[in-house]
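The values are calculated or read from the model by the stated rules, or taken from the named source; none is laboratory data. Since this is a predicted model, take the numbers as computed values, not measurements. Cβ placement follows ideal geometry from the backbone for every residue including glycine, while neighbour counts extend to all protein chains displayed. Just so you know, the surface numbers come from the protein's heavy atoms only, side chains and all, with ligands and any DNA or RNA stripped out. Shrake-Rupley method; radii C 1.70, N 1.55, O 1.52, S 1.80 Å.
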Amino acid sequence: MKIAFFDAKPYDKPSFEKYGKKAGVCFKYFETKLTEDTVYLAKGFDGVCIFVNDVANSKVIDALYEMGIKVIALRCAGFNNVDVKHALSKIHVVRVPAYSPYAVAEHAVAMLLTIVRRIHKAYIRTRDFNFSLANMTGFDLHGKTVGVIGTGRIGQVFIDICKGFGMNVLAFDKFPNQGLIASGKVKYVELNELFENSDIISLHCPLTEETHHVIDKTALEKCKKGVVIINTSRGALVDSEALLTAIKERKVGGACLDVYEEESDFFFEDLSGHIMDDDVLARLISMPNVIVTSHQAFLTEEALENIAETTVNNICSIIAEGKCPNEVCFKGGEIGDCKTGKCF
């Protein structure tokens with residue numbers, strides 16, 4: 001079977017070639033993203049494989065359907081860039097629900113430690129043989145309260161790491177994890193209480209209509225002065241302009257951003273020789289208490305292997321059987337993984 005692989009990067013190919021050859025899946029790699037303008041590239045293929053910044057809206061889905069495309073294979077967990085409702089009964093949509101929760105959770109903690117202990121500043125100083133400790137004072141994580149929004153696989157790993165540091169954990173999730181409650185590791189609270197009492201807030205939830213801009217002007221006003229915001233999930237969970245304003249007003253003490261709501265025009269590309277058109281992103285990057293990484297939390301050897309293996313298995317299941325446990329569907333007013341295998 002032939003799969004059109006969009007937004008391909010050099011680090012994608014080794015793992016996908018390895019598992020693709022074993023399963024008889026042939027990938028054609030396109031560096032361009034899937035959009036309404038590039039969808040024609042999928043003609044003659046059995047399916048498409050896409051990533052977080054590809055676009056599979058209703059027009060793209062209709063075009064793929066007319067071409068006879070059977071599956072849209074997301075090589076990521078999130079699917080907010082796919083019109084799943086429109087795809088129902090037309091094209092199967094599959095995803096990788098858990099490639100490496102450790103990769104993302106560990107990256108979130110790495111960013112947190114970097115910002116609170118000024119590691120990024122120390123690195124730059126010592127390369128200039130400047131060994132002054134002026135303005136380098138950080139704070140202990142031990143005893144601090146971290147608010148975790150989203151307690152799925154990644155959120156749980158992040159909580160375990162935070163507990164290892166001796167932190168107190170407040171959590172919010174639409175569907176609280178009973179195991180976490182029974183363990184006594186966390187205290188589930190409403191969002192307002194989490195905002196008001198957290199020294200650090202970390203986002204580990206999917207992007208939905210409910211979670212869009214969950215961190216906005218109103219939320220930030222409720223937070224403690226000096227709060228640290230961490231986002232390794234989806235950019236639009238945070239209102240970037242509101243965050244920038246709160247940083248300038250000294251309300252937010254630090255921000256660790258691996259994602260950005262307008263990232264599709266910038267992330268994964270080398271723009272070092274270009275003028276940055278996005279004033280908000282440029283201002284955020286210029287702030288001394290902000291760390292921005294370009295959606296790299298997932299990028300570990302283990303995660304890349306898991307992503308490729310699961311994606312290939314998903315594609316094979318759909319093509320051979322017409323169903324897959326990792327299929328995303330819209331049934332009964334809810335969007336989520338298929339429970340019945342009867343989405344068509």
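Numbers for the structure displayed
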| read-out | value |
| --- | --- |
| Filter result for the condition that a residue is under 22 Å from Thr311 (Cα atoms) and free of Cβ contacts under 8 Å to residues at least 40 places away in the same chain, over Lys90, Lys163 | Lys90 |
| Qualifying residues in region 1-24 (those that are over 25 Å from Asp270 (Cβ atoms) and in contact with a Phe, Trp or Tyr (Cβ under 8 Å, 6 or more places away or on another chain)) - the one surrounded by the most Cβ atoms within 10 Å (Cβ to Cβ) | Ile3 |
| Evaluation of Thr151 against (1) buried (at least 22 other Cβ atoms within 10 Å of the Cβ); (2) touching a Phe, Trp or Tyr at 6+ places or on another chain (Cβ under 6 Å); (3) part of a loop (DSSP other than H, G, I, E, B) (one fails), failing number | (2) |
| Any hit, region 156-166, residues being outside any helix (DSSP H, G or I), at pLDDT below 95 and more than 19 Å from Leu281 (Cα to Cα) | no |
| Scan of region 202-220 for residues that are in contact with a helix residue (DSSP H, G or I) (Cβ under 8 Å, 6 or more places away or on another chain) and either among the hydroxyl-bearing types (Ser, Thr, Tyr) or over 22 Å from Ala110 (Cβ atoms) (or both), ordered by number | Ser202, Leu207, Thr211, His212, His213, Val214, Asp216, Lys217, Ala219, Leu220 |
| Residue among Val60, Val96, Val104 that is over 19 Å from Ser294 (Cα atoms) and either in a helix (DSSP H, G or I) or more than 18 Å from the chain's Cα centre (by Cα) (or both) | Val60 |
| Inter-residue pairs, beta-carbon under 8 Å, first of a type in the set (Gly, Ala, Ser) and in region 110-132, second modelled with pLDDT of 95 or more, 6+ apart | Ala122/Met136; Ser132/Arg125 |
| Tally of residues being open to solvent by 10 Å² or more (accessible area, probe 1.4 Å), in contact with an Asp or Glu (Cβ under 9 Å, 6 or more places away or on another chain) and either part of a loop (DSSP other than H, G, I, E, B) or more than 18 Å from Glu261 (Cα to Cα) (or both) across region 215-231 | 4 |
| Residue among Lys28, Lys90 that is part of a loop (DSSP other than H, G, I, E, B), of a type in the set (D, E, K, R) and more than 24 Å from Asp265 (Cβ to Cβ) | Lys90 |
| Selection from region 181-195 of residues that are within 14 Å of Asn168 (Cβ to Cβ) and of a type outside the set (Ser, Thr, Tyr) | Gly184, Lys185, Val186, Lys187, Val189, Glu193, Leu194 |
| Pair list, Cβ under 6 Å, 6 or more apart: region 8-26 residue closer than 17 Å to Thr300 by Cβ, other residue surrounded by fewer than 13 Cβ atoms within 10 Å (Cβ to Cβ) | none |
| Selected residue (only one of Leu34, Leu88, Leu41 is in contact with a Phe, Trp or Tyr (Cβ under 6 Å, 6 or more places away or on another chain), open to solvent by 20 Å² or more (accessible area, probe 1.4 Å) and modelled with pLDDT of 95 or more) | Leu41 |
| Qualifying positions in region 235-260 - out of contact with any Asp or Glu (no Cβ under 8 Å at 6 or more places or on another chain), buried (at least 19 other Cβ atoms within 10 Å of the Cβ) and in a loop (DSSP other than H, G, I, E, B) | Asp258, Val259, Tyr260 |
